[in-house]
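The values are calculated or read from the model by the stated rules, or taken from the named source; none is laboratory data. This is a predicted model, so every value here is computed, not measured. FYI the Cβ positions are ideal-geometry reconstructions off the backbone, even for glycines, and counts take in every protein chain you see.
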Amino acid sequence: MGKIEKSKKKKFSSPAKRKALLLLQAGVALGFAYSPRTQFFIFRELKKEWEKINRQYLYRIVREFKYERLVDWKEQNDGSIKVILTEKGEEWALQFNFEEMKIKKPLSWDGKWRVVLYDIPEKRKKAREALRKKIKELGFYEMQKSVFVFPYPCRDEIDFVTEFFEVRNFVHYGEMMNLSNEAKLKIHFNLS
């Protein structure tokens, strides 16, 4: 992720806001998809995701986005309103690009371990496996099944990923100062 100023970072403390902004960005992608099959696929997936967001909350988010100049809207001839992602909104959406997400490494380690643990039911197996894969991609060390450790601040990224896979209720995040056998972790993460 790019460098985000502290005041700007607060805007997207809600994973639902990030998801809404990414869904708006996906709507832009729909316009660039030339293949009818690709357009249909994008439209079907977008529709499912939009339906999962609480309508009142969504309207509030869109009003906030308008105030922050991340979106604009235009009234159509039929009375409906078209929400458009602005250039500034596009920039923000790119900061939360799921595929390219990275956790920023600070200049020095603060001595805290970030621990992510989860217990996702068998009926959500696909989401569980996708979460495990993404956490590993982000560089976490798997201490044991469903327990991952990372040395740098990553709360926002974990909140976003758990919201993305809709497993937030099954995932726990914490920070620890002392962890047994941390010498092995320090070697793994190249910490002194």
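Remarks
Listed here are the residues, each with its yes/no results for (1) more than 20 Å from the chain's Cα centre (by Cα); (2) over 16 Å from V171 (Cα atoms); (3) modelled with pLDDT of 90 or more; (4) not hydroxyl-bearing (S, T, Y).
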| position | (1), (2), (3), (4) |
| --- | --- |
| M101 | no, yes, no, yes |
| S108 | yes, yes, yes, no |
| K112 | yes, yes, yes, yes |
| K123 | yes, no, yes, yes |
| R132 | no, no, yes, yes |
| V147 | no, no, yes, yes |
| Y152 | no, yes, yes, no |
| R155 | no, no, no, yes |
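- Verdict on V116 being over 30 Å from L185 (Cα atoms) and at pLDDT 75 or above: no
Condition check ((1) surrounded by 15 or more Cβ atoms within 10 Å (Cβ to Cβ); (2) in contact (Cβ under 8 Å) with a residue 60 or more places away in the chain; (3) of a type outside the set (A, V, I, L, M); (4) in contact with a helix residue (DSSP H, G or I) (Cβ under 9 Å, 6 or more places away or on another chain)) across all residues:
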| site | (1), (2), (3), (4) |
| --- | --- |
| P106 | no, no, yes, no |
| I120 | yes, no, no, yes |
| R124 | yes, no, yes, yes |
| E129 | no, no, yes, no |
| Y141 | yes, no, yes, yes |
| F165 | yes, no, yes, yes |
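- Of the criteria (1) of a type in the set (D, E, K, R); (2) modelled with pLDDT of 90 or more; (3) over 21 Å from A183 (Cα atoms), which one E142 fails: (3)
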